[in-house]
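Values quoted throughout were computed directly from the atomic coordinates according to the rules given, and no laboratory measurement underlies them. Remember, predicted model here, so these are calculated numbers, not experimental data. Here the Cβ is made from the backbone with ideal geometry for all residues, glycine too, and neighbour counts use every protein chain on show.
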Amino acid sequence: MTFTRRDFLQSTSALTAAAAASTLTPAAEATAKRLPIIDTHQHLWDLDLFQPPWLGGAPEVLARSYVTSDYKKATRAVNLAKAVYMEVDVNPKNQVKEAEHLIALSKDPRHPTVAAVVSGRPGEASFAPYINNYRNNKYIKGIRQVLHVDSAPPGLCLGDQYVKSVQLLGSMGKSFDLCMRPTELAHGATLADKAPETRLIVDHCGNADPKAWLKDSGEEPWHQVDQWKKDIELLASKDNVVCKISGIVARAPKDDWDASMLAPIVNHCLDSFGPDRVIFGGDWPVCRLVASYKQWVDALKEIVADRPFEEQLKLFHDNAERLYDI
């Protein structure tokens, strides 16, 4: 179903006007406050340690260091329990340095970070020696390579070497995050078939673009609604695939969005994957392109408010604790 932005705003105008008093009922608000959060998508970058190449062309809000003290401030108003670091596409020559830095952070009880998904290039022969260094390391939970950049051609993840590397991750009990173009999600489903013993985690609801549900957003959406929905359902049909509810707020219309714009994406993912294969991700500080950490958390809590508390707890906390063994 497609709506205009006016449809969205008119249908939620009462909620928007009452935002200061909370859009949730008192009972739902009390429930939301009780929810502990494990953030499975925490970005950190200290420019004194790393200079991620992509930051050179990044928006001003991202073109600075973001370290643990900043993260603690951003999450102060939510009931954060733990965080899992997500790699930041460092220069490949810094992959080992990134991993070692995150191991040290995760060991330090002063940090909310307790584990990490670090950078890797599964398509390269050097991948196996690299990841073997962390085979028995309890803090390195998985690998991600961003697949929606110019340097990653469509179908990269289906090459023989790539598949072999993802299979290797499964043999080690480690995961692989799928962060790919929403028009190529079917490749992720094929990879899931080729590496059935490896847990694949779909980042950012398959990089769904909220503007695809708006007729007059003023921007060309990244994908079509119907194909995205079919591909999410295809991914969900694979038992070894998990969906991360994250990232989508960063693509919402800046200064002109609310929870209802994100709801069709979130609800389709939750309904497709079921309550046991969904996890929350903050995607901070990237979410700051549009929303604060708390605004994103509050929007998601509003979307899921009518679902059973047990399912909300699984989404925000329990599934991550089980799947990452943290």
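Using equal-weight Cα scatterers in the Debye expression, the normalised intensity of the chain in log10 at q = 0.12 Å⁻¹ is -0.81.
Highest GNM mean-square fluctuation among 254, 229, 174, for the chain modelled with Cα contacts below 10 Å: 254. Its Cα centre serving as origin, region 168-326 has a Cβ charge dipole (Lys and Arg +1, Asp and Glu -1) of approximately 280 debye.
Summing charges over all other residues whose Cβ lies under 14 Å from the Cβ of residue 180, with Lys and Arg as +1 and Asp and Glu as -1, gives -4.
Sorted ascending by nearby beta carbons within 10 Å, beginning with the fewest, 171, 260 become 171, 260.
Two tests apply to each whole DSSP H helix in the chain, Cα reach of 15 Å or more along its axis and mean Kyte-Doolittle hydropathy of at least -1.0, and the ones passing both are 95-107, 160-171, 225-236, 259-273, 293-303.
Calculated mean residue ellipticity, 222 nm, the chain: -10500 deg cm²/dmol, from DSSP H runs (n ≥ 4) at -39500 (n - 2.57) each, averaged per residue and rounded to 500.
Cβ crowding within 10 Å, taken as a proxy for footprinting-reagent exposure, orders 222, 54 from fewest neighbours to most as 54, 222.
Computed about the Cα centre, the dipole magnitude for the chain is approximately 720 debye when only Lys and Arg (+1) and Asp and Glu (-1) carry charge, each at its Cβ. Dipole size of region 45-137 about its Cα centre, with +1 on Lys/Arg Cβ and -1 on Asp/Glu Cβ: approximately 340 debye, rounded to the nearest 20.
Beta bridges per DSSP, both residues in region 5-324: antiparallel share near 5 percent. Here's the picture: charge each Lys and Arg Cβ at +1 and each Asp and Glu Cβ at -1 in region 5-324, and of 71, 111, 246 the one pushed furthest to the positive end of that dipole is 111. Think of region 213-326 as having a plus end and a minus end, set by charges on the Cβ of Lys, Arg, Asp and Glu; of 282, 266, 309, 282 sits farthest toward the positive end of this dipole. Taking the number of Cβ atoms within 10 Å of each Cβ as an exposure proxy, the fewest-first ranking of 113, 190 is 190, 113.
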